[in-house]
1. Is there a simple number for the mean count of other chain Cβ atoms within 10 Å of the Cβ of residues in B:57-68, and what is it?
2. Which one, A:SER79, A:TYR60, A:MET94, projects farthest toward the positive side of the charge dipole computed for region A:49-100 from Cβ point charges (K/R +1, D/E -1)?
3. Can you run phi through the Karplus equation (6.51, -1.76, 1.60; θ = phi - 60°) for region B:26-33 and list ³J(HN,Hα) in whole Hz, with x for Gly and Pro?
4. Output the Kirkwood hydrodynamic radius of region A:55-100, Cα pairs only, in Å rounded to one decimal.
5. Cα centroids of region A:34-69 and region B:31-100: how far apart, whole angstrom?
6. For chain A, what is the per residue volume of the convex hull drawn over the alpha-carbon atoms, in cubic angstrom?
7. Taking the Cα centre of chain B as origin and charging only Cβ (+1 Lys, Arg; -1 Asp, Glu), how large is the dipole, in debye to the nearest 20?
8. Take the protein assembly as shown, drop everything but the C-alpha atoms, weight them equally and run the Debye formula without solvent; then report log10 I(q)/I(0) at 0.08 Å⁻¹ to two decimals.
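A short reminder: the numbers here are calculations on the coordinates, not readings from a lab. None of the values given here were measured: they were computed from a predicted structure. Counting neighbours? That spans all protein chains shown, and the Cβs are built from the backbone with ideal geometry, glycine included.
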There are 2 protein chains.
Amino acid sequence: MVKLIALYKQPKDPKAFDEHYYNVHVPITEKIPGLRKVEITKIVGSPTGKSEYYLLCEMYYDDHQSLKEAMKTDEAKASWKDLMSFAGDLVTMMIGEEVE
Amino acid sequence: MVKLIALYKQPKDPKAFDEHYYNVHVPITEKIPGLRKVEITKIVGSPTGKSEYYLLCEMYYDDHQSLKEAMKTDEAKASWKDLMSFAGDLVTMMIGEEVE
């Protein structure tokens, strides 16, 4: 499968971030057509101590074509707009392919 | 579950990186006691074009205690030593918890 990956740096206010992320952003994002699965990982540190990162979200699509089509939908545009409103300065987006 | 995450930036020589990664590093790493699952994602870009990242590897353990114990083993030390030898300047390590 193909993944759209969002990696977030530490927010200044983790409580406010979490509140918006789980109550607003995830529900908006889960409406995107073609999205098969969402896996969220809370980053809690690194082997050497702290991490500059806070959260990793992996959004699965069947293939690149499905992801491409999903990105054109109003639901994806709403998710993107919301993302930029609360974490535009924290997030790095990646597109990846699962290795067998 | 708990994940040890390795995020690699683009290597100068992707062919040499892949050869070492899949033929040497992954086999060494898979020997680490307590490691339940390895998920590798090849980063192929971003929604806006290229990505500075090349590969994401997620290594699953039962819990923090299992990861902590695993890190003390000779197998983990061998994996870390190998990692530093070919990708010490490319890799960012994180520890994460799956969100239900």
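1. For peptide B:57-68, the averaged partner shielding equals 1.
2. A:SER79
3. For region B:26-33, the Karplus curve yields 4, x, 5, 5, 5, 7, 5, x Hz.
4. 12.0
5. 14
6. Considering the Cα atoms of chain A, their hull volume per residue is 98 Å³.
7. The dipole magnitude comes to about 300 debye.
8. Treating every Cα as an identical point scatterer, log10 I(q)/I(0) equals -0.27.
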